[in-house]
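Worksheet: the structure to be examined is printed underneath.
The values are calculated or read from the model by the stated rules, or taken from the named source; none is laboratory data. In this text the structure is predicted, and so the values were computed from the model without any measurement. Don't worry about glycine lacking a Cβ; one is built from the backbone with ideal geometry, like all the others, and counts go over all protein chains shown.
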C-alpha cells in the first residue's frame with residue numbers, strides 16, 4: 001500500500017537528506033526528475049496513477065507549497081505510527097513525526113519498541129532485544145565456551161530492514177558501530193534517528209557573512 005503521494009515522497013526524501021523546504025522548492029521549482037529511489041518505489045507499487053506520475057518531472061512551485069506537502073506527509077506518517085502502536089498495545093513514550101519514529105513500551109514483553117516509517121517496507125515494528133534464544137545473530141552464545149548454534153532465521157530480514165532505515169533517513173554509522181551485531185547496532189540506529197537534526201523550515205542564508 002502506498003501511503004505518500006509522489007510529491008510527499010519526494011519532499012520527505014529530500015528533507016531527510018538535509019535539504020530545507022526552501023532549498024527543495026528552488027531545486028524543483030522548474031521541474032526535476034525524482035530521486036531514483038523514489039522512482040523505483042512507485043514503479044514497483046500497485047498505484048498505477050502514482051506510478052505514471054513519478055515518471056514525469058516533479059514540479060514544486062514554492063517553499064510554501066513544499067511546507068504544506070511536508071506537513072501532509074508528516075500527518076499521514078504520525079497517524080500510521082500511532083495506529084501500529086495501538087494495534088500492538090504499546091504505551092507510547094514519544095512520537096517524532098518529523099523523523100518518522102515512534103518509541104513505545106510493551107509491558108507484556110517488558111521491552112522498548114521502536115516503530116519507524118519506511119517507504120519501501122512500510123512501518124517497521126522493532127522490539128528491542130539483546131539476543132535470539134540466548135544467542136547473537138550469527139548463533140554465538142552469550143556464554144563463553146558454549147558451542148555456536150544456528151544463525152537467527154530472521155537475520156537476513158533484519159539486515160534488510162536496518163539497511164532500508166539507514167538509506168531512507170540518511171544515517172551514517174561509525175566503523176565501530178558497523179561491527180556491532182544487529183541486536184546492538186539497531187539501538188545505535190534508532191538512537192541516531194531519534195536524535196537526528198532535521199532542517200525543518202529553516203530559511204536559506206542570504207548573501208555571505
Hey, among the residues in the range 43-58 that are surrounded by 14 or more Cβ atoms within 10 Å (Cβ to Cβ) and out of contact with any strand residue (DSSP E or B) (no Cβ under 7 Å at 6 or more places or on another chain), which one's modelled with the lowest pLDDT?
47
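Can you confirm whether residue 99 is in a loop (DSSP other than H, G, I, E, B) and either in contact with a strand residue (DSSP E or B) (Cβ under 9 Å, 6 or more places away or on another chain) or in contact (Cβ under 8 Å) with a residue 40 or more places away in the chain (or both)? Give the derivation first.
Values: in a loop (DSSP other than H, G, I, E, B): yes; either in contact with a strand residue (DSSP E or B) (Cβ under 9 Å, 6 or more places away or on another chain) or in contact (Cβ under 8 Å) with a residue 40 or more places away in the chain (or both): yes.
So residue 99 fits the description; yes.
Pick from the range 158-170 the residues that are in contact with a helix residue (DSSP H, G or I) (Cβ under 8 Å, 6 or more places away or on another chain) and surrounded by fewer than 17 Cβ atoms within 10 Å (Cβ to Cβ): which of them is farthest from residue 98 (Cα to Cα)? Quick ask: steps written out before the conclusion?
Quick first cut of the range 158-170, residues in contact with a helix residue (DSSP H, G or I) (Cβ under 8 Å, 6 or more places away or on another chain) only: 158-159, 162, 165-169.
Narrowing the set further to residues that are surrounded by fewer than 17 Cβ atoms within 10 Å (Cβ to Cβ) leaves 159, 166-167.
Details: 159: 24, 166: 16, 167: 16 Å.
The selected residue is 159.
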Cβ-Cβ below 6 Å, separation at least six or inter-chain, first residue in the range 128-155 and assigned by TED's automatic domain parsing to the domain that holds residue 189 and surrounded by 15 or more Cβ atoms within 10 Å (Cβ to Cβ), second outside any loop (DSSP other than H, G, I, E, B) and at pLDDT 75 or above: which pairs?
128/111; 128/112; 137/155; 137/182
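Is it fair to say residue 49 is part of a helix (DSSP H, G or I) and either touching a residue at least 40 places away in the same chain (Cβ under 8 Å) or over 18 Å from the mean Cα position of the chain (by Cα) (or both)?
Numbers: part of a helix (DSSP H, G or I): yes; either touching a residue at least 40 places away in the same chain (Cβ under 8 Å) or over 18 Å from the mean Cα position of the chain (by Cα) (or both): yes.
Considered against the rule, which asks whether it is part of a helix (DSSP H, G or I) and either touching a residue at least 40 places away in the same chain (Cβ under 8 Å) or over 18 Å from the mean Cα position of the chain (by Cα) (or both), residue 49 comes out as yes.
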Can you tell me which residue is surrounded by the fewest Cβ atoms within 10 Å (Cβ to Cβ) among those in the range 20-42 that are touching a helix residue (DSSP H, G or I) at 6+ places or on another chain (Cβ under 7 Å) and not in a helix (DSSP H, G or I)?
35
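Would it be correct to say that residue 61 is in a loop (DSSP other than H, G, I, E, B), assigned by TED's automatic domain parsing to the domain that holds residue 183 and touching a helix residue (DSSP H, G or I) at 6+ places or on another chain (Cβ under 8 Å)?
Working: in a loop (DSSP other than H, G, I, E, B): yes; assigned by TED's automatic domain parsing to the domain that holds residue 183: no; touching a helix residue (DSSP H, G or I) at 6+ places or on another chain (Cβ under 8 Å): yes.
No, not satisfied.
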Inside the range 113-209, counting only helices (runs of 4 or more DSSP H) that do not spill past its ends, which hold 1 or more residues that are touching a strand residue (DSSP E or B) at 6+ places or on another chain (Cβ under 9 Å) and at pLDDT 85 or above?
155-168, 182-195
